[in-house]
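J.: I'd like to ask you about the structure that follows.
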Amino acid sequence: MLDILDIELGLSRGTITLLSPDGNEIRIEAAHEFSQNQRRRITYRIGEGVTGKVMQTGKPMIVPKVSHEPLFLNRFERWNVTKHDLSFICVPISIDNKVIGTVSADRPFVQTAPLEEEMRVLSIVASMIANDLRTRREAAIVQQQLEDENLQLRHELQDRFRPENIIGNSSTMRDVYRQIHQVAATDTTALIRGESGTGKELVAHAIHFSSSRTKGTFVKVNCAALNENLLESELFGHEKGAFTGAIQSRKGRLEQANNGTIFLDEIGDFSTATQVKLLRVLQEKEFERVGSNQTLKTNARIIAATNRDLEKCVDLGTFRQDLYYRVNVFPILLPPLRERKDDILLLADFFVEQYSKKMRKDVRRISTPAINMMVSYHWPGNVRELENCIERAVLLSSDSVIHGHHLPPTLQTSDASGTVGTGSFKERVDLFERDLIIDALKRCNGNLAAAARDLKTTARIIRYKASELGIDYRRYCSKRG
């Protein structure tokens, strides 16, 4: 723009200044025919020189002869006063009636020069600059908001997926935490193994957010949910026209995860052709999009997971042996929930709190019979099944307690619940009364009278019911000494 002012209108050495963010000085943002080093050296204060005066008053100034103007500082050393003189024009740049900068230019002094007209031209230019600056600033604010939101979400994810926040204190889970810390510090390919529902994706998140790649993207691909063609397009991307429906080029997940982590869930379901391409990615860090011959590079870290017996798959020929050795560099085995009974109550309490907040219900605890049912159950669906059971129980609870009858029928066994028979009306009533009395005795440390007051009945009735239902109140007395 300053070039055009010079070439078309003869307004030479145009200069654009902007107020610094702290408002303490006026800085040269652009200057025609002057180097960046020259611009950096020159600053003005508000009210200093012609430029500072325009910034201060918000009114344009015309200096017909700079040699006669004491305010003109000539910091750019534009002219030699002994040889010629200049005219100088400076107009403000304003946004919402606030002056944020100036546009100025000079020209050789001519007595009949149309300085007023040229000032109007500069004012139009200043208005254009103001509109551009407004748009840029609004875009910068939106960008900053997005960056702040992204940073906040990243911090929340880091807090959520720290290994310390994975629920479980059993010895097998402590081994898992140790392995997460070991592999997170490197770029080694990790293979997370375990039954469905054991939390393999949670471990993959923990590895990513504990690593140096935490600022990068975490991308998940569910390999079992896609057929071979869709999986290749999802992983490697495709070019426009590569297949029917490919109306435009698309980046694959490997490109999206560059400098981050890609999590390949259920890698045992890969087809043989896709296994070959994945092997190349692991070995050479390169691939081609579907329908393209251009080789692309990726720096994505690969974490894989499977619930299959890969060794058996290798023997059967459904999984390549060389790929098995490439992905099985650092295996992490997640134990099924039935092998970590000590963690069941911790997980259940966590899910109770989570779903109580989500459903806005005041569910505070789990009754003893319900706990016995959960501990006795074999949990074929692992942690995912436990979570679903607790969600159902929180939904059904009406008295701030999860009772045995709130759990799915598959958990309500006679041995676990302390009942006998097939669940007649009397047996179910007895079970409900037993839950109520045991919960009250727990709250009152085995004190029958206090438990009776808690249930708004008499100690005689509670003693009778406890005897009838086989409840030993002494089990709930606090031990002292």
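The values are calculated or read from the model by the stated rules, or taken from the named source; none is laboratory data. Given the structure is predicted, the values throughout are model-derived calculations rather than measurements. Cβ: placed from backbone, ideal geometry, glycine included. Neighbour counts: every protein chain shown. Surface accessibility is based on the protein's heavy atoms, side chains included, excluding ligands, DNA and RNA. Shrake-Rupley method; radii C 1.70, N 1.55, O 1.52, S 1.80 Å.
J.: Where both residues lie in the range 252-411, what percent of DSSP beta bridges are antiparallel, nearest 5?
T.: That works out to approximately 30 percent antiparallel.
J.: With θ taken as phi - 60° and the coefficients 6.51, -1.76 and 1.60, list the Karplus ³J(HN,Hα) couplings across the range 21-32 in order, rounded to whole Hz; mark glycine and proline as x.
T.: Ordered by residue, 3J(HN,Hα) equals x, 7, x, 8, 8, 9, 10, 7, 8, 8, 8, 6 Hz.
J.: Given the rule -39500 (n - 2.57) for each run of at least 4 DSSP H residues, summed and divided by the residues of the chain, what is its mean residue ellipticity at 222 nm, to the nearest 500 deg cm²/dmol?
T.: The helix contribution divided over the chain gives -13500 deg cm²/dmol.
J.: Out of (1) 1.25; (2) 1.02; (3) 1.06, which label holds the value of Rg/Rh (Cα atoms, Kirkwood Rh) that was computed here?
T.: It is the one labelled (1).
J.: Something else now. Counting only protein heavy atoms and using a 1.4 Å probe, what share of the accessible area of the chain belongs to carbon plus sulfur, as a whole percent?
T.: 49
J.: How about K297: which aspartates and glutamates have a C-alpha closer than 20 Å to its C-alpha, ignoring those fewer than 8 places off in the same chain?
T.: K297 reaches D187, E232, E234, E239, E255, E284, E286, E288.
J.: Separate question: Just the accessible area per residue of the chain, please: how many Å² with a 1.4 Å probe?
T.: 55
J.: Only bridges whose two residues both fall in the range 175-314 count here: according to DSSP, what percent of them are antiparallel, nearest 5?
T.: DSSP beta bridges in the range 175-314 are roughly 25 percent antiparallel.
J.: Helix 272-284 against the longest principal axis of the chain: what's the angle in degrees, Cα atoms only, rounded to the nearest 10?
T.: It is inclined by approximately 60 degrees.
J.: Something else: Taking the mean number of other Cβ atoms within 10 Å as a proxy for protection, how do you rank 201-209, 394-402 from highest to lowest?
T.: 201-209, 394-402
J.: Further question on the same structure: At a 10 angstrom cut-off on C-beta neighbours, averaged per residue, how do the peptides 56-63, 188-195 rank from highest to lowest?
T.: Ranked by mean Cβ neighbours within 10 Å, highest first: 188-195, 56-63.
J.: Same structure again: Can you tell me what share of the DSSP beta bridges in the chain is antiparallel? A percent to the nearest 5 is fine.
T.: 60
J.: Next up: Ranked highest first by the average count of other Cβ atoms within 10 Å around their residues, in what order do 259-268, 468-477 fall?
T.: Ranking, from highest mean packing down: 259-268, 468-477.
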